[in-house]
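The values are calculated or read from the model by the stated rules, or taken from the named source; none is laboratory data. Bear in mind that the values here come from a model prediction, so they are computed numbers and not experimental data. All Cβ positions, glycine included, derive from the backbone under ideal geometry; neighbour counts span all protein chains shown.
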There are 2 protein chains.
Amino acid sequence: MTKRTSSITIRDIAREADVSVATVSRYLNQNAFVSPDLSVRIQEVMDQLDYIPQATARHLAMRKKNTVGLLVPNMYNNFFAALLAGIEGVVSKYDYSLLVATCRMNQSGGYQFPLGSHNTDGLLIFADSLSDKQISQLYDRQLPIVLIHKSSTDGVDIPTVTIENKTATRKLIKHLIEDHGRRRILLVRGSENQEDAYWREVGFKEALSEHDIAFDEGLAIRGSFEREIAYNSLKEFLADPNHQEFDAVFTGDDDAAVGIYDALRENGLRIPEEVSVVGFDDSQIAPFLTPPLTTVMAPTEEVGRSAAEQLFRLLDGNIPVPVTLHSTEIVLRSSCGCNMHHSAS
Amino acid sequence: MTKRTSSITIRDIAREADVSVATVSRYLNQNAFVSPDLSVRIQEVMDQLDYIPQATARHLAMRKKNTVGLLVPNMYNNFFAALLAGIEGVVSKYDYSLLVATCRMNQSGGYQFPLGSHNTDGLLIFADSLSDKQISQLYDRQLPIVLIHKSSTDGVDIPTVTIENKTATRKLIKHLIEDHGRRRILLVRGSENQEDAYWREVGFKEALSEHDIAFDEGLAIRGSFEREIAYNSLKEFLADPNHQEFDAVFTGDDDAAVGIYDALRENGLRIPEEVSVVGFDDSQIAPFLTPPLTTVMAPTEEVGRSAAEQLFRLLDGNIPVPVTLHSTEIVLRSSCGCNMHHSAS
DNA sequence: CTGAAAGCGCTTACAG
DNA sequence: CTGAAAGCGCTTACAG
């Protein structure tokens, strides 16, 4: 690799402007008074030589990188863009840089994370990018961290920002039961270890028990919040001649809903006449599905924003909010059985 | 801000292991032979002290940041996730870090880009994040750059990776003319300065002229590749009692198509019976629109990947490919009038 | 208000 | 193969 030589340094400026490097530095950072005439001279030389201070040197001298990192399991996720938009906004507001990287769990287990105290001042960790053990390691090393869509484990107290999964799901299922008379609702499970999945399932069960409906393991399949997986699970389920009958399905998330729609349709089950379907996320495609999907809206960009804000509290030495729980709301479209003659919007 | 003190440094390791810092450095980087016994001692001490080398110091010493940047106009764009996924993959393959930032054009005009030679070794610039002038400035300072979905201006030769817009659009329009007998096709324009928009319009016009259809300015409206804008433009167009009749619309991109669908529907125009509609991008929602949208598929992740690869060629001192043009292909669904009885997939 | 000098935590010729 | 020392390009006490 060719070494990039930015050639012109603070020393060049100092020499040409006939001042000390300290003065140039002070002028640059505006953190001490520099007399007007020197200021003018320095600025002129800087313009003339097209000087750009090297961030790296500055960071080393200040023992501070002015950079935060975002770790995600992958970049394909539907709401990744919104999350990043929220984060980037506040990061740039604080004049920090943003490093992003992916990191799947079960890695070698070594210390080599792409992001850490070696290259950032703090980290935003999304869902299950890292194992609890890996998170504790970073935490033990005093790296400021905030968790997104995941809560802190016992012992460590890392601020968390996430969304309300349980109550929203409960409302969604109650809606199915109370307003559409559904009682045999198929649960499409998310991955284990995934906290959103966990709480959605809890909310699901609470709604059932509120209506004295026993939860039936025979009415639960795997979906993993993925379209293909949900599709295959349901096809398999339906292929079993002894499968339980059902009149609704909670797909876990909108992505899975697409697979569920396909499987249902292929088996001649009409939505919502024979089977109501509801999802979670209110992703971009939800309103365009046929029928438009009833789901739960989560303020993803806002989640990104507040996660970043918490991280800056930490960096500023302020006490962060331990748990930020963003509220969600159900959005009724037609897949549950509501307003059947509306068009997509 | 609290200054983070990672406390333990290479000097601590050297002292404890009773070797010189040079040796620790060599062991760390594996760039010179270090005798087995010293290696063992060093490794032990490192494990014991939980040592992590500071990237910043390393970068300063090596005059190389091992970091590349991605500049985008905003993060909301539909295909941003795929682009980023492609880029991140190769960046991490080369053991580099990835900085992302947004940058709207008309900024103060000063030199203060969030990303530049001060904090990266090279830059990926997407579409119109920066003005040509700003790009030349970076180029003049020798910063390795590759442009995505935008080509280099005269004088500077910066590698570009983009997609085939013109031919695909021409095929799409030809399809409308030849297979569906459309001849009065409304053009929904993208923003000026936007290169994709430019070439799509060229392709559009070529297809018309191949069939001896004169391009009619009265049959062109503004869309800007945005749903709202396209919607409003078309509403306005239709509200004009003297507007030209049309039997098809090329929406410029899929996002705009959503607005066009709405406006058409509100005016009682049936798709595709009365008006064929075609888009560009093959975004996630395209197959779910009603009717499913005929459009053009672009390999966005691949674009990200190859842009990053070109940047690394530059960083490695290799000669880059001046222009990488990824091919696109039209995907026929029902909004043009094809296979009307298929379901979305 | 300004400067000389030490220091941030690494790497890398230069000797041996 | 290993070490002493200079240097990367900044910042910041410490004096004056």
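A few notes on this one:
- Number of the condition not met by A:V72 [criteria: (1) among the hydrophobic types (A, V, I, L, M, F, W, C); (2) surrounded by 16 or more Cβ atoms within 10 Å (Cβ to Cβ); (3) within 12 Å of DNA strand C (Cβ to nearest atom); (4) closer than 23 Å to B:Y96 by Cα]: (3)
Quick grid of which residues meet (1) more than 12 Å from DNA strand C (Cβ to nearest atom); (2) under 27 Å from A:Y96 (Cα atoms); (3) surrounded by fewer than 18 Cβ atoms within 10 Å (Cβ to Cβ):
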site: B:S7; (1), (2), (3): no, yes, yes
site: B:A14; (1), (2), (3): no, no, no
site: B:V19; (1), (2), (3): no, no, no
site: B:Q30; (1), (2), (3): no, no, yes
site: B:D37; (1), (2), (3): yes, no, yes
site: B:L49; (1), (2), (3): no, no, yes
site: B:Q54; (1), (2), (3): no, yes, no
site: B:R58; (1), (2), (3): no, yes, no
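- Residue among A:I145, A:I158 that alone is more than 14 Å from every other protein chain (Cβ to nearest Cβ), touching a Leu at 6+ places or on another chain (Cβ under 6 Å) and within 14 Å of A:I125 (Cβ to Cβ): A:I158
- Screening the stretch B:5-76 for helices (runs of 4 or more DSSP H) wholly inside it with 2 or more residues that are touching a residue at least 12 places away in the same chain (Cβ under 8 Å) and touching an Asp or Glu at 6+ places or on another chain (Cβ under 7 Å) returns the ranges B:36-49.
- Selected residue (only one of B:E210, B:E192 is charged (D, E, K, R) and under 23 Å from the mean Cα position of the chain (by Cα)): B:E192
- Looking only at the stretch A:256-276, and only at residues there that are buried (at least 24 other Cβ atoms within 10 Å of the Cβ) and within 14 Å of another protein chain (Cβ to nearest Cβ), the one that is farthest from the chain's Cα centre (by Cα): A:Y261
- Within the stretch B:56-103, the set of residues being of a type in the set (V, I, T) and either more than 7 Å from chain A (Cβ to nearest Cβ) or in contact with a Cys (Cβ under 8 Å, 6 or more places away or on another chain) (or both) comprises B:T67, B:V68, B:V72, B:I87, B:V90, B:V91.
- Qualifying position, being under 28 Å from A:L289 (Cβ atoms) and either assigned to a helix (DSSP H, G or I) or basic (K, R) (or both), among B:E274, B:E302: B:E302
- All positions within the stretch B:124-133 that are in contact (Cβ under 8 Å) with a residue 12 or more places away in the chain and surrounded by fewer than 24 Cβ atoms within 10 Å (Cβ to Cβ): B:A127, B:D128, B:S131, B:D132
- Annotation note: Cβ proximity below 9 Å between a residue of the stretch B:316-339 that is within 14 Å of chain A (Cβ to nearest Cβ) and a residue that is hydrophobic (A, V, I, L, M, F, W, C) and in a strand (DSSP E or B) (sequence gap 6+ or interchain) occurs for B:P320/B:V146; B:S335/B:V277; B:S335/B:V278.
For (1) within 14 Å of chain A (Cβ to nearest Cβ); (2) at pLDDT 95 or above; (3) out of contact with any strand residue (DSSP E or B) (no Cβ under 6 Å at 6 or more places or on another chain), each residue gets a yes or a no:
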site: B:Q107; (1), (2), (3): yes, no, yes
site: B:G122; (1), (2), (3): yes, yes, no
site: B:S129; (1), (2), (3): yes, no, no
site: B:D132; (1), (2), (3): no, no, yes
site: B:S151; (1), (2), (3): no, no, no
site: B:E192; (1), (2), (3): no, no, yes
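- Looking only at residues in the stretch B:230-255 that are aliphatic (A, V, I, L, M) and in a helix (DSSP H, G or I), the one that is nearest to the chain's Cα centre (by Cα) is B:A230.
- Residues of the stretch B:31-55 satisfying the condition of being more than 13 Å from chain A (Cβ to nearest Cβ) and among the hydroxyl-bearing types (S, T, Y): B:S35, B:S39
- Selection status of B:V296, in a strand (DSSP E or B) and either on the phi > 0 side of the Ramachandran plot or buried (at least 19 other Cβ atoms within 10 Å of the Cβ) (or both): yes
- Inter-residue pairs, beta-carbon under 6 Å, first closer than 21 Å to B:N232 by Cβ and among the charged types (D, E, K, R) and in the stretch B:199-221, second at pLDDT 95 or above and assigned to a loop (DSSP other than H, G, I, E, B), 6+ apart: B:R200/B:N165
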